[in-house]
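The values are calculated or read from the model by the stated rules, or taken from the named source; none is laboratory data. Note that the structure is predicted; figures quoted are calculated from it, not measured. When we count neighbours, we look across all protein chains shown, and the Cβ atoms used for this are built from the backbone with ideal geometry, even at glycine. These accessible areas exclude ligands, DNA and RNA; they are computed on the full protein's heavy atoms, side chains included. Shrake-Rupley method; radii C 1.70, N 1.55, O 1.52, S 1.80 Å.
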Amino acid sequence: MAELINRKQVKQEVRELLRSAWVSPKGMVALYMGITLGMELLLSLIGATGFVYTFIDILTTLIGSVLAVGFTLYCMAIRRGERAGYLTLFDGFTFVGKIVLLMIVETFFILAWSMLLFIPGVIASYRYSFAVFNLCENPDIGVMEAIEMSKRQTMGYKGQLFMLDLSYMGWTLLAILPSMVYLGMSVNYLLQALDVSVGYYSMEAVLGPSWLWLILVSVWGLLVSLFYLPNFHCVQLAYFETAKRTSGIGEGAGEDPAPRPEDGWNGL
């Protein structure tokens with residue numbers, strides 16, 4: 001049975017826990033976000049088009065997803081009081097196939113629900129939010145098993161997970177501030193371009209090189225992430241641990257996580 005989680009208390013406990021990490025959380029975020037930034041800049045500088053660009057873009061996205069799993073494994077180690085070094089960031093490559101498959105399956109299910117209405121799609125995203133944590137805890141399980149476990153673990157917690165995300169909304173908006181500025185300037189440029197009385201200038205001449213904005217956006221996002229990303233991930237894991245305990249499903253919960261026949265299509 002789900003229980004009400006004291007969000008403020010959990011955040012405070014996580015702040016204390018992060019101070020005991022063997023490897024600095026800020027250092028791990030810098031490595032994680034730095035690699036992601038490097039891949040984005042490389043993609044921008046290549047300037048390829050068509051199939052080559054699409055291939056590199058997809059490859060970059062997949063690598064980013066695997067690194068995100070590595071960061072989750074690092075946060076799990078912190079919560080368990082284990083020593084986790086910088087190489088933990090690359091541990092996701094040991095089960096990269098399942099990570100990619102999970103990402104594809106989750107995206108398909110969420111899009112399928114979103115085709116009905118926006119809200120069912122949002123609910124579905126929270127329904128599957130613990131699947132990657134289950135896979136991180138036990139890479140030997142199947143992708144559908146991890147999803148099924150998440151569906152049962154999140155029963156009664158979707159609203160609390162939504163409120164948790166809202167509590168970090170300020171950080172999220174701060175992280176994308178340069179992107180919003182660039183978007184606003186781009187819209188203003190396009191509106192002015194429609195006015196024939198105004199001389200024509202290229203967007204790059206008015207706003208500056210796109211690669212420069214990419215660096216600004218990425219570096220700013222990295223700096224902001226240093227201050228909240230480890231806390232956010234560890235708090236999410238605290239919610240996951242509570243959901244495992246109250247649902248009796250997951251590693252160490254003492255219950256068989258196999259799908260029940262009566263579940264049927266409940267919550268694809």
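Could you count how many residues in the range 1-10 are modelled with pLDDT under 90 and either under 12 Å from Tyr74 (Cβ atoms) or surrounded by 13 or more Cβ atoms within 10 Å (Cβ to Cβ) (or both)? Working first, answer last.
Residues of the range 1-10 modelled with pLDDT under 90: 1-2.
Now restrict to residues that are either under 12 Å from Tyr74 (Cβ atoms) or surrounded by 13 or more Cβ atoms within 10 Å (Cβ to Cβ) (or both): 2.
Residues that pass the stated criteria total 1.
Out of Glu251, Glu241, I need the residue that is more than 23 Å from Met33 (Cβ to Cβ) and either at pLDDT 80 or above or of a type in the set (Phe, Trp, Tyr) (or both). Which one? It would help to see each step written out before you state the result.
Working: Glu251 fails: either at pLDDT 80 or above or of a type in the set (Phe, Trp, Tyr) (or both).
Result of the check over Glu251, Glu241: Glu241.
Every condition in (1) touching a residue at least 40 places away in the same chain (Cβ under 8 Å); (2) part of a helix (DSSP H, G or I); (3) touching a helix residue (DSSP H, G or I) at 6+ places or on another chain (Cβ under 7 Å) is met by Pro139 except one, and the failing one is (2). Tallying residues that are more than 22 Å from Gly85 (Cβ to Cβ) and of a type in the set (S, T, N, Q) within the range 1-53 yields 5.
I need the full set of residues from the range 142-165 which are closer than 11 Å to Leu102 by Cβ and either open to solvent by 10 Å² or more (accessible area, probe 1.4 Å) or in contact (Cβ under 8 Å) with a residue 40 or more places away in the chain (or both), in order please.
Going through the range 142-165, the residues closer than 11 Å to Leu102 by Cβ turn out to be 142-147, 150.
Gly142, Val143, Met144, Glu145, Ala146, Ile147, listed by residue number.
Applying a threshold of 7 Å to beta carbon distances and a minimum spacing of six or more residues, or different chains, the list of pairs starting in the range 11-24 at a residue that is closer than 15 Å to Leu73 by Cα and ending at one that is among the polar types (S, T, N, Q) and part of a helix (DSSP H, G or I) reads Leu18/Asn231.
Applying the set (1) in contact with a Phe, Trp or Tyr (Cβ under 6 Å, 6 or more places away or on another chain); (2) under 23 Å from Ala175 (Cβ atoms) to Met33 leaves exactly one unmet item: (1).
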